[in-house]
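**Student:** Dropping a structure here in structure tokens format, bear with me for questions.
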Amino acid sequence: MTIFTNARLIDPEALTDTLGWLRVEGDRIAERGTGTPPRGESIDCGGKCLAPGIVDLGVKVSEPGERHKESFASAGRAAAAGGVTTMVTRPDTINAIDTPEVLEFVQRRAATDAIVNVKHMSALTKDRAGREMVEIGFMKDAGAVAFTDCDHVVENTKVLARALTYAKSCGALVIGHPQDPCLSKGAAATSGKFAALRGLPSVSPMAERMGLDRDIALIEMTGVSYHFDQITTARALPALERAKANGFDVTAGVSIHHLTLNELDVGDYRTFFKVKPPLRSEDDRLAMIDAVESGLIDVICSMHTPQDEESKRLPFEEAASGAVAMETLLPAALRLVHAGQITLPQLMRAMSLNPAKRLGLPSGRLADDAPADLILFDPDAPFVLDRFKLKSKSKNTPFDGARLQGKVRGTWVAGFRVYEG
């Protein structure tokens, strides 16, 4: 038994922030309260925040195929240091996770090497090529929690419709990347004055809206459970709002980079700021924050995408997209809290509760009998990020040298402490 005393309990279900205590029995939360704590072995939280561990929906772990970029062991350490107690991994590996055998391999590797919980997504089509759907029923039975081709948008609408129909019959969740693949092909920036001045190939924000509209039509046709991995433009929000109002089983996410950075951060072709979709305008960024605050966008994720130095030290147009983000997810997100744009309970709702609910996981809560997956963090602790101190194998973070606030002081998975900061 462990009792956390003198803690700010951040409850994303009740949206409360109260001073109190919480008791853990084994791997479960037993009870909590605001008065005198029960006697027993205790941890004095010193008035710092105790919250459900982050459930990070959409983490790239580069096994199999590119283990030099990130392994389950290094990703697990990075997750624990960032307060992520459950990683939900993407299937965009080499080879893609599209058969029960490959899924079993990553499950075994994760169970052996990672110090946090790991759930795995399967590809929606074989080799993420958009031509033939995977055995959705078999993959779901083997443990896949969702199906996605990641940023390889299925161009053939008939193939996608059949896959969504089959996923509906299996009760499977599909995760899509809202983007018109033809318009966005080869783009490195969002169209506008900045991209024109820099001479960068760009894509209109309408490409996201067009991809979203197509997928919503297919959701209406098939009735499938669907999650949009990243909504990044204000023009996409009215369509998303209508889909929810019409009762479709739809949720949406946004990456931490699109909440805290904008297109101007690219500066003089800084490739650590090249992500997919490309960074948007400041107006779009503010619209995404408002959508998270209102609950229209349900999930904040890291979109953790490790890239080695050779992939990034190239001209901006040729450099690989993506950034490591599990260790910077919480302090970067706390920028929104410090700016008064969102509350701590709302933030944990989007990073812990909502992704857990969408995947049918019992975590992300401070409720009695919920898993004792917890993080203790100081939201005000200042530091300057040094990318070489990150626990990820790859160091491609746009926050290198940035002044941040918010440090994880402890991470517990199933009641066992896996990180002490």
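The values are calculated or read from the model by the stated rules, or taken from the named source; none is laboratory data. Only a predicted model underlies this, so the values are computations on that prediction, with no experimental measurement involved. Ideal geometry is used to build each Cβ from the backbone, glycine not excepted, and the neighbour counts take in all protein chains shown. With ligands, DNA and RNA removed, areas are computed over all heavy atoms of the protein, side chains included. Shrake-Rupley method; radii C 1.70, N 1.55, O 1.52, S 1.80 Å.
**Student:** What does the charge dipole of region 1-62 about its Cα centre add up to, to the nearest 20 debye, if the Cβ of each Lys and Arg holds +1 and the Cβ of each Asp and Glu holds -1? Write down the numbers at each step before the final one.
**Tutor:** Values: 7 positive and 9 negative charges, 20 e Å.
I would put it at about 100 debye.
**Student:** Tell me which of Ala188, Ile175, Val24 sits at the most positive position along the dipole axis of the chain, charges placed on C-beta atoms (Lys, Arg +1; Asp, Glu -1).
**Tutor:** Towards the positive end, the residue furthest out is Ala188.
**Student:** Still on this model: How high is the relative contact order of region 174-282, in percent, with contacts defined as C-alpha pairs under 8 Å that are six or more residues apart?
**Tutor:** On the way: 157 pairs, mean separation 30.2, N = 109.
Answer for region 174-282 is 28 percent.
**Student:** Right, something else. 5 Å is the cut-off here: which amide hydrogens, built 1.01 Å from N in the peptide plane, fall below it relative to Gln230, excluding neighbours closer than 5 in sequence?
**Tutor:** Under 5 Å from the amide H of Gln230 lie the amide H atoms of Gly253, each far enough along the sequence or on another chain.
**Student:** Continuing with the same structure: Can you tell me the length gained on complete extension of the stretch Cys182 to Lys126, counting 0.36 nm per residue apart and subtracting the Cα distance?
**Tutor:** Working: separation 56, 0.36 × 56 = 20.16 nm, distance 2.06 nm.
Taking Cys182 through Lys126 to full extension adds about 18.1 nm, to one decimal.
**Student:** Whole number please: convex hull volume per residue of the Cα set in the chain, in Å³? Intermediate results must be reported in sequence, preceding the final value.
**Tutor:** Details: hull volume 52.4 nm³, N = 421.
Considering the Cα atoms of the chain, their hull volume per residue is 124 Å³.
**Student:** Next question, about the same structure. Let me have the relative contact order for region 166-205, percent, based on Cα pairs under 8 Å that are six or more residues apart. Don't jump to the answer; show the numbers that get you there.
**Tutor:** Values: 33 pairs, mean separation 13.2, N = 40.
Contact order relative to length: 33 percent.
**Student:** So, one more: Ordered by packing density, taken as the mean number of other Cβ atoms within 10 Å over each peptide's residues, highest first, how do 226-233, 368-375 rank? Write down the numbers at each step before the final one.
**Tutor:** Working: 226-233: 25.1, 368-375: 21.6.
Final packing ranking: 226-233, 368-375.
**Student:** Sticking with this one: Note the angle between two axes, namely the Cα long axis of helix 282-294 and the longest principal axis of the Cα atoms of the chain, as a number of degrees from 0 to 90, rounded to the nearest 10.
**Tutor:** 50 degrees
**Student:** Could you state the accessible area per residue of region 241-373 in Å², with a 1.4 Å probe and every protein chain left in place?
**Tutor:** Numbers: 4590 Å² over 133 residues.
Per-residue accessible area for region 241-373 comes out at 35 Å².
**Student:** Let me ask something additional. Give me the percent of accessible area attributable to carbon and sulfur for the chain, probe 1.4 angstrom. Let's see the in-between values first.
**Tutor:** Numbers: 7820 of 16370 Å².
That share works out to 48 percent.
**Student:** If you don't mind, another one. Please give the peptides 144-152, 74-82, 29-37 ranked by average Cβ packing (other Cβ atoms within 10 Å per residue), highest first, as a rough proxy for protection. Don't jump to the answer; show the numbers that get you there.
**Tutor:** Values: 144-152: 23.6, 74-82: 27.0, 29-37: 14.4.
Top of the packing list down: 74-82, 144-152, 29-37.
**Student:** Among the DSSP beta bridges whose two residues both lie in the chain, what percent are antiparallel, rounded to the nearest 5?
**Tutor:** On the way: 31 of 60 bridges.
Bridges in the chain are about 50 percent antiparallel.
**Student:** Same structure again: Expected output is a single nm value to one decimal: the length gained when fully extending between Asp17 and Ala245, i.e. 0.36 nm times separation in residues minus the C-alpha distance. What is it? Mind dumping the intermediate values first?
**Tutor:** Numbers: separation 228, 0.36 × 228 = 82.08 nm, distance 2.97 nm.
Taking 0.36 nm per residue and subtracting the Cα distance, the gain is 79.1 nm.
**Student:** Would you work out the relative contact order for the chain, in percent, from Cα pairs under 8 angstrom that are 6 or more residues apart? Walk me through the intermediate numbers first.
**Tutor:** Values: 1026 pairs, mean separation 85.0, N = 421.
That works out to 20 percent.
**Student:** Same structure again: What size of dipole, in debye to the nearest 20, comes out for region 236-386 about its Cα centre when the only charges are +1 on Lys and Arg C-beta atoms and -1 on Asp and Glu C-beta atoms? Please report the intermediate quantities before stating the final value.
**Tutor:** Numbers: 14 positive and 23 negative charges, 87 e Å.
So the magnitude is around 420 debye.
**Student:** For Ser294 and Glu101, what is the calculated FRET efficiency with R₀ set at 60 Å and r taken between the beta-carbons, to the nearest 0.05?
**Tutor:** Working: r = 43 Å, r/R0 = 0.72.
Here the calculated transfer efficiency is 0.90.
**Student:** If you take the square roots of the eigenvalues of the alpha-carbon gyration tensor of region 65-212 and sort them as a ≥ b ≥ c, do you get rounded (a/c under 1.5), prolate (a/b over b/c) or oblate? Mind showing how you got there, number by number?
**Tutor:** On the way: a/c = 2.34, a/b = 1.28, b/c = 1.83.
Oblate.
**Student:** Which percent, nearest 5, of DSSP beta bridges in region 1-159 are antiparallel?
**Tutor:** Details: 14 of 29 bridges.
Antiparallel: roughly 50 percent of the beta bridges in region 1-159.
**Student:** For Glu318 paired with Asp386, estimate the spin-label separation in nm (one decimal), with each label point 7 Å from Cα along the Cα-to-Cβ line.
**Tutor:** Spacing of the two 7 Å Cα→Cβ label points: 3.3 nm.
**Student:** Net charge near Leu314: determine it from the other residues with C-beta under 14 Å of the C-beta of Leu314, scoring Lys and Arg +1 and Asp and Glu -1.
**Tutor:** Once positives and negatives cancel, what remains is -1.
**Student:** Further question on the same structure: Calculated from DSSP H runs of 4 or more alone, at -39500 (n - 2.57) each and per residue, what is the 222 nm mean residue ellipticity of the chain, nearest 500? Write out the running numbers ahead of the final one.
**Tutor:** Details: 14 runs with 123 residues, N = 421.
Value at 222 nm, helices only: -8000 deg cm²/dmol.
**Student:** Another one. Toward the positive end of the charge dipole of the chain, about the Cα centre and with charges on Cβ (Lys, Arg +1; Asp, Glu -1), which of Ala234, Ala7, Leu218 goes farthest?
**Tutor:** Result: Ala7.
**Student:** Counting Lys and Arg as +1 and Asp and Glu as -1, each charge on the Cβ, what is the dipole of region 252-319 about the Cα centre in debye, to the nearest 20? Can you show the working numbers first?
**Tutor:** On the way: 7 positive and 14 negative charges, 28 e Å.
Dipole size: approximately 140 debye.
**Student:** How much length would be gained if the chain were fully extended between Ala30 and Ala196, taking 0.36 nm per residue of separation minus their Cα-Cα distance, in nm to one decimal?
**Tutor:** Working: separation 166, 0.36 × 166 = 59.76 nm, distance 5.76 nm.
Fully extending the segment from Ala30 to Ala196 adds 54.0 nm.
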